[in-house]
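First comes the structure, then the notes that go with it.
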Amino acid sequence: MGSGRVQTLEQLARLCRNGEPSRIASRLAAPSGFPELDASLPGGGWPIGAIAELMSDAIGIGELSLLVPVLSRLARAGRYIAWIAPPYLPYAPALAQRGLPLERMLLIHTRSLQESLWAAEQALRCPAVGAVLGWPAYIIDKNVRRLQLAAEAGGSLGILYRPPEAARESSPAALRLRLHAAPDGLAVEIQKSRGGRAGLKLRVGVAPTVAA
C-alpha cells in the first residue's frame with residue numbers, strides 16, 4: 001500500500017468523522033443539468049441517497065460528461081466527489097474547466113474488487129461526500145444492495161459504471177441507464193427507474209470526455 005493511497009484513505013476517514021450532511025442530501029433528486037433527462041426521471045434528476053447504474057457500450061463516449069453538471073453542483077455545495085479506482089485518470093484541467101473544483105475531488109486507488117467495494121461503501125456513508133463513482137468489474141445483487149443502503153445512510157449519489165452485459169441481469173439499483181454513442185451526444189435508454197417509467201429512450205447532448 002503506497003503512502004499516497006494511505007493519505008487518501010486517511011483523509012476520507014477524517015472527512016467522514018467530521019463532516020456534516022449537506023442540505024442537498026435531504027432532497028430526493030438532484031437536477032442532471034440536461035432538461036431532456038430530468039423530464040424523464042422521477043423527481044426531476046439523479047436519485048439522491050441511491051445507486052444509479054450506467055451501462056455503456058464503450059469507454060469514452062461521454063459517460064463521464066453525463067455526470068459533470070450534478071458533480072459540479074454537489075462539489076460547489078461543499079461536498080466531495082470520490083472516484084474509486086477509475087479505469088482512466090480524470091483529466092484535471094478538463095474537470096476544472098467544466099466547473100469541478102479539484103480540491104473537492106478524492107481519487108482512491110485500490111488493489112482488488114473487494115477493496116473497491118469497501119471504499120465505495122465507506123465513501124457513500126460519509127456525510128462529507130456528495131457522490132461516489134465506481135467501476136466494478138463484476139458485482140452481485142448483494143454488493144449493490146449494500147451500496148444502496150450506504151447511499152441512503154449518507155444521503156449521497158452512487159454511480160456504478162458497468163459493462164453492457166450487466167443489462168441482461170436484474171439489479172436492486174434505483175436507476176439503470178443504457179448508454180450508446182450517438183452523432184450528437186449520447187443515446188440514453190432508461191432500463192429501470194424506481195418510481196418512474198422504464199423503456200424510455202432519449203438523446204442527450206454531452207461535451208467531450210473528461211478522462212485521459
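The values are calculated or read from the model by the stated rules, or taken from the named source; none is laboratory data. Values in this document were obtained by computation on a predicted structure and should not be read as measured data. Here the Cβ is made from the backbone with ideal geometry for all residues, glycine too, and neighbour counts use every protein chain on show. The area values use the complete protein model at the heavy-atom level, side chains included, leaving out ligands, DNA and RNA. Shrake-Rupley method; radii C 1.70, N 1.55, O 1.52, S 1.80 Å.
Just a few scattered comments:
- Residues of the range 111-139 classified as buried (at least 23 other Cβ atoms within 10 Å of the Cβ) and without any contact (Cβ under 8 Å) to a residue 40 or more places away in the chain, total: 2
- Subset of the range 20-70 (residues that are among the small types (G, A, S), modelled with pLDDT under 95, within 19 Å of A187 (Cα to Cα) and not in a loop (DSSP other than H, G, I, E, B)): G44, S56
- Extreme residue, modelled with the highest pLDDT, among residues of the range 140-161 that are open to solvent by 60 Å² or more (accessible area, probe 1.4 Å) and among the aliphatic types (A, V, I, L, M): L149
- Odd one out for I108, checked against (1) of a type in the set (A, V, I, L, M); (2) open to solvent by 70 Å² or more (accessible area, probe 1.4 Å); (3) within 23 Å of M55 (Cα to Cα): (2)
- Entry remark, the range 37-96: residues being among the polar types (S, T, N, Q) and either open to solvent by 40 Å² or more (accessible area, probe 1.4 Å) or over 15 Å from Y161 (Cα atoms) (or both) number 2 in total.
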